[in-house]
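Here is the structure we will look at, set down as structure tokens.
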Amino acid sequence: MITPPLRYLRWMAWDLARGPGLGMAAVGVLAIVLFSSLTVVTSGTGGEAPIFLAILDFTVTAFALLATAGMVSADFTLGYYRTLFARPVSPPLYYLQRWLLGGAAVLVATSVVGLAAARRVGPDLQMARILAQAALYYLLLGGLVFLLSTVSRRDWLIGVLVVAAHGGLGLARSLGAAATGAAAVLYAVLPPLGLVDVADPVPTGGALVHVVGYGLALVGAALAVIRLRPLARGARE
Amino acid sequence: MIEIAALGKTYRSLFGSRTVPALDNVTLRVAPGEVVGVAGPNGAGKSTLISILLGFLKPTGGQARIAGQAPRAYVESRGASYLPELLPLPPRWTTETALRRHATLAGVPAEAVAARAQHMVEWLGLEEHRKKDVRQLSKGTLQRLGLAQALIGDSDLVVLDEPTHGLDPLWTQRFRDIVRELRRPARCILIASHDLAELERLADRVAILHQGRLERVVSAGVAAADEEPAVYRISVTGAAEMIARIFPSATPVEGRANEWRLRGRVPELNRGLSELIAAGAVVVAFAPESSRLESEFRAAVEGR
């Protein structure tokens, strides 16, 4: 009987805390220091202080990247899979558990940084919305890096490039350019990160289906690759 | 328990322009309770065979089944006790952490993990290293940790790749005891090694691979010695003149006083030895000149 490796969750959480968790803590501390040094200037409509939201948005991106970078590829590059998966453990379920744990870490870290921002901005900062957007953002970017990690050691770097490309194309579109041709196709194909900005309302209806469907497809594809590809490339690798 | 039928594996480059055959039409059956050695020169296909049996690689021809299941399905449901040739463990794990983690992964109940790890520490002599990081361990200690992590579960499939590599003579001897202790009716033990003498001591049979092909399967151990005539060396003091009469095939070993080469089956040689001792000879040493496995290995690799 194949069971999820829940028994290993404690060790997985420990590894996450001692590895990516340190990077996330550093980013979080940096964000909190920035919050404390900024003057609160709220926008006209929401009263949420755009600069704080921009920092939060950047922080969530960094958290998602840190939580998933090298998630699968490191085990395969360093050969750890040989002892891990000689055990009665399903590799797809093992990495799904790790990915979900990464999502939980992103939400906890976002909560801490969000609360620090809320202390400065006040009750107008909608934590529920920020956390919902962070979860959706993780589903997209975390799902993308998870998928990339099954095939490349440079997963996080490609993730950064996708975020940058999406941001650049989004900016160009907002300025009235890149709305047609290859740029428009590329924008449509890339994960819809523009829909899950922490400064924006949580998408609803078709937009929400788009985000969730895209994210689940990425995670599903990652699990399928892990299941279908040989764990080793060579006899000793 | 292990059924390998016409197994083949060819590595291909990304676009298939370059192919490297690693296994070719290998057929082998390993029964429950058996210890089977896998020998072969470098690049013979031993590690590829092991990778397929653990479900890390997929064959390009034939099939492998373990207890009727595909290897990956078997390993994911029941686990394997596997010692890789190069032990990949994170360098910052301590010995104790590594064992506790692997006990957990192997399905040892949570309340028994600490006791199981402690048992392995004692069994493999890791007491003084339990708090050390993996990166601080010597080659031999790391190998013992590898054995400990491999054996911490209770799998019926044990696969050890070069298990005595790096072990000192004391631990090499201790390893023989460990393998004896591991034997049980439902368990298959597969040992890949370059050390033919070790395989001959430990295994019931040894599969000899060469250039990806299974050249022959040789029965090893004491029982096998009864079957085929072999060359032995005998060293005798007193009544040495009787040697030529009792063993007509005996030839003196050049440059070594009181040493002869004898060829024969073990039962015949034993009868001759009794006669020799009764005639007043003192047998100082009696041993195979080269093991049958070594001869078979050489013949297989040299194509004889």
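Results, tabulated for the structure shown:
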| item | result |
| --- | --- |
| Within region B:248-273, tally of residues that are surrounded by 15 or more Cβ atoms within 10 Å (Cβ to Cβ) and over 16 Å from residue B:289 (Cα atoms) | 2 |
| Among (1) modelled with pLDDT under 90; (2) surrounded by fewer than 18 Cβ atoms within 10 Å (Cβ to Cβ), the one test that residue B:211 misses | (1) |
| Meets criteria (within 14 Å of another protein chain (Cβ to nearest Cβ), out of contact with any Asp or Glu (no Cβ under 6 Å at 6 or more places or on another chain) and buried (at least 20 other Cβ atoms within 10 Å of the Cβ)) for residue A:94 | yes |
| Residue within region B:90-104 that is within 12 Å of another protein chain (Cβ to nearest Cβ) and under 22 Å from the mean Cα position of the chain (by Cα) present | no |
| Filter result (in a strand (DSSP E or B) and closer than 12 Å to residue B:158 by Cβ) within region B:28-65 | B:30, B:35, B:36 |
| Any chance residue B:129 is buried (at least 21 other Cβ atoms within 10 Å of the Cβ) and away from every other protein chain (no Cβ under 12 Å) | yes |
| Of all residues in region B:13-27 being assigned to a strand (DSSP E or B) and without any contact (Cβ under 8 Å) to a residue 24 or more places away in the chain, the one that is farthest from the other protein chains (Cβ to nearest Cβ) | B:19 |
| Some residue of region A:143-161 being over 21 Å from residue A:222 (Cα atoms), at pLDDT 90 or above and touching a Gly at 6+ places or on another chain (Cβ under 9 Å) | no |
| Residue in region A:3-24 that is in contact with a helix residue (DSSP H, G or I) (Cβ under 6 Å, 6 or more places away or on another chain), at pLDDT below 95 and not in a helix (DSSP H, G or I) present | yes |
| Tabulated pairs, region A:75-88, first within 7 Å of chain B (Cβ to nearest Cβ), second of a type in the set (Ser, Thr, Tyr) and buried (at least 22 other Cβ atoms within 10 Å of the Cβ), C-beta under 6 angstrom, 6+ apart or interchain | A:86/B:82 |
| Odd one out for residue A:194, checked against (1) free of Cβ contacts under 8 Å to residues at least 24 places away in the same chain; (2) closer than 23 Å to residue A:146 by Cα | (1) |
| Among (1) surrounded by 16 or more Cβ atoms within 10 Å (Cβ to Cβ); (2) within 25 Å of residue B:287 (Cβ to Cβ); (3) not acidic (Asp, Glu) - the single one residue B:180 does not satisfy | (1) |
| Answer from A:141, A:216, A:171 - the residue that is away from chain B (no Cβ under 14 Å) and without any contact (Cβ under 8 Å) to a residue 40 or more places away in the chain | A:171 |
| Within region B:53-64, considering residues that are within 9 Å of chain A (Cβ to nearest Cβ) and either under 22 Å from the mean Cα position of the chain (by Cα) or buried (at least 24 other Cβ atoms within 10 Å of the Cβ) (or both), the one farthest from residue A:233 (Cα to Cα) | B:54 |
| Residue ID - farthest from the chain's Cα centre (by Cα), chosen from residues in region A:126-155 that are surrounded by 23 or more Cβ atoms within 10 Å (Cβ to Cβ) and within 11 Å of residue A:56 (Cβ to Cβ) | A:130 |
| Test result for residue B:283, touching a residue at least 40 places away in the same chain (Cβ under 8 Å), under 29 Å from residue B:193 (Cβ atoms), β-branched (Val, Ile, Thr) and not assigned by TED's automatic domain parsing to the domain that holds residue B:193 | no |
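The values are calculated or read from the model by the stated rules, or taken from the named source; none is laboratory data. Keep in mind that this is a model prediction, so the values were computed, not measured. Neighbour counts are summed over all protein chains in view; Cβ atoms, including those assigned to glycine, are modelled from backbone coordinates with ideal geometry.
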